[in-house]
Amino acid sequence: MALNVGGGLLPVLFSIYLISISGLAIATVLLAVSLVALVCYLTSRPVPGLGIGMPMLIAPLSAALVALLLAPAQSAPLAYICGTLGVLIGADLLRLRDIRRLGAPVAAIGGAGTFDGIFMTGIIAVLLA
């Protein structure tokens with residue numbers, strides 16, 4: 001197992017930074033991340049030869065909607081946080097068993113490239129919120 005820097009580590013660190021400066025309640029952040037992670041888990045699927053795939057706009061749309069419903073005044077930072085962490089948890093961490101069944105030699109948390117779905121989810125979710 002490996003942690004992708006651009007698609008895994010940096011979004012997590014930036015999310016922690018946003019949590020620390022935004023004043024968002026931890027309970028709100030946890031609920032938002034949990035909801036988006038659930039959506040990502042339910043809509044993601046193992047794709048042989050590729051990894052875990054899911055429709056591109058599901059995560060940013062659900063992150064923006066959750067953020068607008070839970071914290072309208074702080075929807076942009078919450079959308080980024082729940083979008084990126086929700087995808088990491090729901091489509092990567094909760095799907096590790098599926099990745100192993102695909103026969104991949106290495107499971108990369110955060111995708112295979114810097115500008116993958118997690119990065120794009122954060123950006124699109126902020127723009128929508």
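Rounding to the nearest 10 and keeping the result within 0 to 90°, find how far the Cα-based axis of helix 75-87 lies from the longest principal axis of the chain.
On a 0 to 90 degree scale, this one is about 20.
Starting with the highest mean, order 60-72, 77-89, 3-15 by the number of other Cβ atoms within 10 Å, averaged over the residues of each peptide. Please list the in-between numbers first.
Working: 60-72: 21.4, 77-89: 28.9, 3-15: 17.4.
The packing order, highest mean first, is 77-89, 60-72, 3-15.
Got a sec? How would Ile21, Ile58 order by Cβ neighbour count within 10 Å, fewest to most?
In order of increasing Cβ crowding within 10 Å: Ile21, Ile58.
Could you check the simple spin-label distance between Leu93 and Ala27, using points 7 Å along Cα→Cβ, in nm with one decimal?
In this crude spin-label approximation the distance works out to 2.2 nm.
If I fit a long axis through the Cα atoms of helix 10-22 and take the longest principal axis of the Cα atoms of the chain, what angle between them do I get, 0 to 90°, rounded to 10?
The two axes meet at around 10 degrees.
Just so you know, all these numbers are worked out from the coordinates, no wet-lab data involved. Keep in mind that this is a model prediction, so the values were computed, not measured. Because the Cβ atoms are built from the backbone with ideal geometry, glycine has one as well, and the counts that use them run over all protein chains shown.
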